[in-house]
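The values are calculated or read from the model by the stated rules, or taken from the named source; none is laboratory data. Not measured: the values here are computed from a predicted model. Counting neighbours? That spans all protein chains shown, and the Cβs are built from the backbone with ideal geometry, glycine included.
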Amino acid sequence: MEEALAADWPVEVVLYTRQTVASERVRHILAKAKARQVNRREISPVLCRRLADTETPSGIMALVKRPDYQLKDIFRNQPSLLVLADGIQDPGNLGTIIRSADAAGAQGVIVTKGTVDLYNSKVIRATMGSFFHLPVVMVGALEELRDFMATFNLQLIAGQQKAPKLINEVNLT
């Protein structure tokens, strides 16, 4: 949530329980939300548990509107590094890929149809905030990328379990 507020994404509302206001971190989040004129609503712990998808909710959550990124948005500035996630089924793995792409300085992540839902809460949590740092675009199939990749003369590098080289052995420049 802190990353969404820092990234200037449209935050519709921040929901919190009275008990969480004792936390300095939560007070800081609420102050940031107030400064951005985001609606803030206190809710009961019962409602919080109903809305959350975790066994022990943190007591604070937000409704955030994600920008609708398109391929042209990622390719606009002639990216030097993009990450493609094809058919990833585990939400934690996709979140980790997005987080790793952010750490590696990628300009975006492209996800193909058949991959786990981008908005799965486990995906978002696994990104540890990186979800809000770089565009993630869903495409129907790899074929959609051909024209874009050809236009920018991009090299495609694929990851495999039994690959002959590690990522740090590949020239990414």
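In this structure, is Val111 touching a residue at least 60 places away in the same chain (Cβ under 8 Å) and β-branched (Val, Ile, Thr)?
Here the answer is no, as Val111 does not meet what is asked.
Search segment 92-112 for residues being assigned to a strand (DSSP E or B) and not polar (S, T, N, Q), and hand back the single one that is surrounded by the most Cβ atoms within 10 Å (Cβ to Cβ).
If we take residues in segment 92-112 being assigned to a strand (DSSP E or B) and not polar (S, T, N, Q), then Val109 is surrounded by the most Cβ atoms within 10 Å (Cβ to Cβ).
Of (1) under 19 Å from Thr56 (Cα atoms); (2) among the aliphatic types (A, V, I, L, M); (3) surrounded by fewer than 13 Cβ atoms within 10 Å (Cβ to Cβ), Ala35 satisfies all except one. Which?
With respect to (1) under 19 Å from Thr56 (Cα atoms); (2) among the aliphatic types (A, V, I, L, M); (3) surrounded by fewer than 13 Cβ atoms within 10 Å (Cβ to Cβ), Ala35 is out only on (1).
Could you check segment 53-67 and list, in sequence order, the residues that are in contact with a strand residue (DSSP E or B) (Cβ under 9 Å, 6 or more places away or on another chain) and under 20 Å from Pro10 (Cα atoms)?
Once the filter is applied, which keeps residues that are in contact with a strand residue (DSSP E or B) (Cβ under 9 Å, 6 or more places away or on another chain) and under 20 Å from Pro10 (Cα atoms), segment 53-67 yields Ile60, Met61, Ala62, Leu63, Val64, Lys65, Arg66.
Return the pair list, or none, for Cβ contacts closer than 7 Å from residues in segment 155-173 that are of a type outside the set (Asp, Glu) to residues that are modelled with pLDDT under 75, at least 6 apart or on different chains.
Filtered contacts from segment 155-173: Val170/Ile157.
Provide a single number: the residues in segment 126-144 that are of a type in the set (Gly, Ala, Ser) and either modelled with pLDDT of 85 or more or closer than 15 Å to Met1 by Cβ (or both).
Residues that pass the stated criteria total 3.
Any chance segment 72-91 includes a residue that's over 28 Å from Glu143 (Cβ atoms) and either loosely packed, with under 13 Cβ neighbours inside 10 Å or in contact with a helix residue (DSSP H, G or I) (Cβ under 6 Å, 6 or more places away or on another chain) (or both)?
No; the residues of segment 72-91 include none that is over 28 Å from Glu143 (Cβ atoms) and either loosely packed, with under 13 Cβ neighbours inside 10 Å or in contact with a helix residue (DSSP H, G or I) (Cβ under 6 Å, 6 or more places away or on another chain) (or both).
Could you say which residue among Leu118, Leu156, Leu145 is crowded, with 18+ Cβ neighbours inside 10 Å and over 14 Å from the mean Cα position of the chain (by Cα)?
It is Leu145.
Table: residues versus (1) outside the structural domain of Ile157 (by TED's automatic domain parsing); (2) in contact (Cβ under 8 Å) with a residue 40 or more places away in the chain; (3) in a strand (DSSP E or B); (4) aromatic (Phe, Trp, Tyr).
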site: Arg25; (1), (2), (3), (4): yes, no, no, no
site: Ile29; (1), (2), (3), (4): yes, no, no, no
site: Ala33; (1), (2), (3), (4): yes, no, no, no
site: Leu47; (1), (2), (3), (4): yes, no, no, no
site: Ser58; (1), (2), (3), (4): yes, no, no, no
site: Leu84; (1), (2), (3), (4): no, yes, yes, no
site: Gln89; (1), (2), (3), (4): no, no, no, no
